[in-house]
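Only one structure is covered here, and it is reproduced in the block below.
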Amino acid sequence: MAITITMGIQKGGCGKSTTTGILAHLLSKDFKVLAVDMDSQGNLSELLTQQPSNEFVNKSVLEAMQQEDARSFVVSVSENLDVLPANNFLATFARWIYTGHTYHGDHLPYKGNISFILDKLLDQVRDDYDFILIDTAPSLSEQTTNALCASEYVVVMFECSNWCYSAIPNFMDTVTAANKVSHRNVEVLGILRTMNDVRRSDAKAFNELIEEDYPDDVFETIITRKAPTGRLSLYGFEDNKELGPALTQYQDFYKELIQRVNDR
Ligand SMILES: Nc1ncnc2c1ncn2[C@@H]1O[C@H](COP(=O)(O)OP(=O)(O)O)[C@@H](O)[C@H]1O
Ligand SMILES: [Mg+2]
């Protein structure tokens, strides 16, 4: 039975999709992994498949949820790594569940619990994987609550800036709310400091502040800003000469994450 982990924070540009993609890549060296893209930007899908997200119109996680059929929409990336991709139409998710309107036509509003649509979908494939990683949208929307309610754990992404710092309490409240309603009892696995500019004094200050506020949650590993990581969306994981420098810190994060999962 897969362990499902959401990667989240409702602020954009915090390294969610990059970290989810790299973690999925690293996990797939040792485990069977499904990466689920719950952001209509489709960045995780593009990073892992190296195809534009428009390739997945009609073939995405949205249709999988609407047709209650996961396997037909899973895309194989490599032997141990699959992705349930997304594209811009995932932005119609909320409209579909509340009104029944889809870009294919009009249906009835969603009848079940609107927070468990993804959870129910993933139940079809949990036995096929060791890990399921879910990338989320930069908002506390239905996409994010569905991801949280489908997960045992969440990694909170903290890009060391004031606006990301101020996003954390509301994100934690949303995790607590999901924990109360979901039978998976989603809990925070840790807070990951990402995209750190170590030379900046404000980043250093926020690194320390987050340690004071959440001493039990912060991962020791700090992910710094590196050009090869930024270029990963361009070059991908295959035949990428600078992949090594892009992965080093993420390997440390991966080890810490596995340790924490094992300790729970
Ligand atoms: N460690 C890093 N070093 C340099 N650039 C990064 C790093 N992590 C992410 N990026 C880049 O920063 C931007 C935002 O990252 P992204 O993963 O898309 O964040 P989010 O999914 O939270 O919006 C992207 O252009 C990405 O390539
Ligand atoms: Mg993203």
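The values are calculated or read from the model by the stated rules, or taken from the named source; none is laboratory data. Values in this document were obtained by computation on a predicted structure and should not be read as measured data. Ideal geometry is used to build each Cβ from the backbone, glycine not excepted, and the neighbour counts take in all protein chains shown. Just the protein is used for accessible areas: all its heavy atoms, side chains included, with ligands, DNA and RNA removed. Shrake-Rupley method; radii C 1.70, N 1.55, O 1.52, S 1.80 Å.
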Task: Where a residue in the range 1-25 is farther than 18 Å from Glu242 by Cα and its partner, wherever it lies, is within 11 Å of ligand 1 (Cβ to nearest atom) and of a type in the set (D, E, K, R), with Cβ under 6 Å and at least six apart - done: Met7/Lys16; Met7/Asp135; Cys14/Glu159; Lys16/Asp135; Ser17/Asp135; Thr20/Asp135
Task: Residue, farthest from ligand 2 (Cβ to nearest atom), within the range 1-36, restricted to residues that are open to solvent by less than 10 Å² (accessible area, probe 1.4 Å) and part of a loop (DSSP other than H, G, I, E, B) - done: Ala2
Open item on the list: Cβ-Cβ under 6 Å, sequence separation 6+ or interchain: first residue in the range 37-49 and open to solvent by 30 Å² or more (accessible area, probe 1.4 Å) and modelled with pLDDT of 95 or more, partner more than 11 Å from ligand 1 (Cβ to nearest atom) and of a type outside the set (D, E, K, R). Which pairs?
Closed with: Glu46/Ser53
- [ ] Select from the range 114-136 the residues that are among the aliphatic types (A, V, I, L, M) and within 16 Å of ligand 2 (Cβ to nearest atom) and write down the one among them that is farthest from the chain's Cα centre (by Cα).
- [x] Leu133
Open item on the list: Exactly one of these conditions fails for Leu189: (1) within 16 Å of ligand 1 (Cβ to nearest atom); (2) out of contact with any His (no Cβ under 9 Å at 6 or more places or on another chain); (3) within 23 Å of Lys11 (Cβ to Cβ); (4) open to solvent by less than 60 Å² (accessible area, probe 1.4 Å). Give me its number.
Closed with: (1)
Open item on the list: Given the criteria under 21 Å from Val61 (Cβ atoms) and either open to solvent by 60 Å² or more (accessible area, probe 1.4 Å) or hydrophobic (A, V, I, L, M, F, W, C) (or both), does Asp123 qualify?
Closed with: yes
Task: Count - residues of the range 4-38 that are more than 15 Å from ligand 1 (Cβ to nearest atom) and within 19 Å of Thr229 (Cβ to Cβ) - done: 3
Task: Which listed residue, of Phe89, Phe56, Phe93, is open to solvent by less than 20 Å² (accessible area, probe 1.4 Å), among the aromatic types (Phe, Trp, Tyr) and over 30 Å from Asp30 (Cβ atoms) - done: Phe93
Task: Scope the range 208-240; condition of a type in the set (Val, Ile, Thr) and either open to solvent by 80 Å² or more (accessible area, probe 1.4 Å) or more than 16 Å from ligand 2 (Cβ to nearest atom) (or both); matching residues - done: Ile210, Val218, Thr221, Ile222, Thr224
Open item on the list: With the structure loaded, tell me whether Leu243 is aliphatic (A, V, I, L, M), closer than 25 Å to Leu47 by Cβ and open to solvent by less than 20 Å² (accessible area, probe 1.4 Å) or whether it fails that test.
Closed with: no
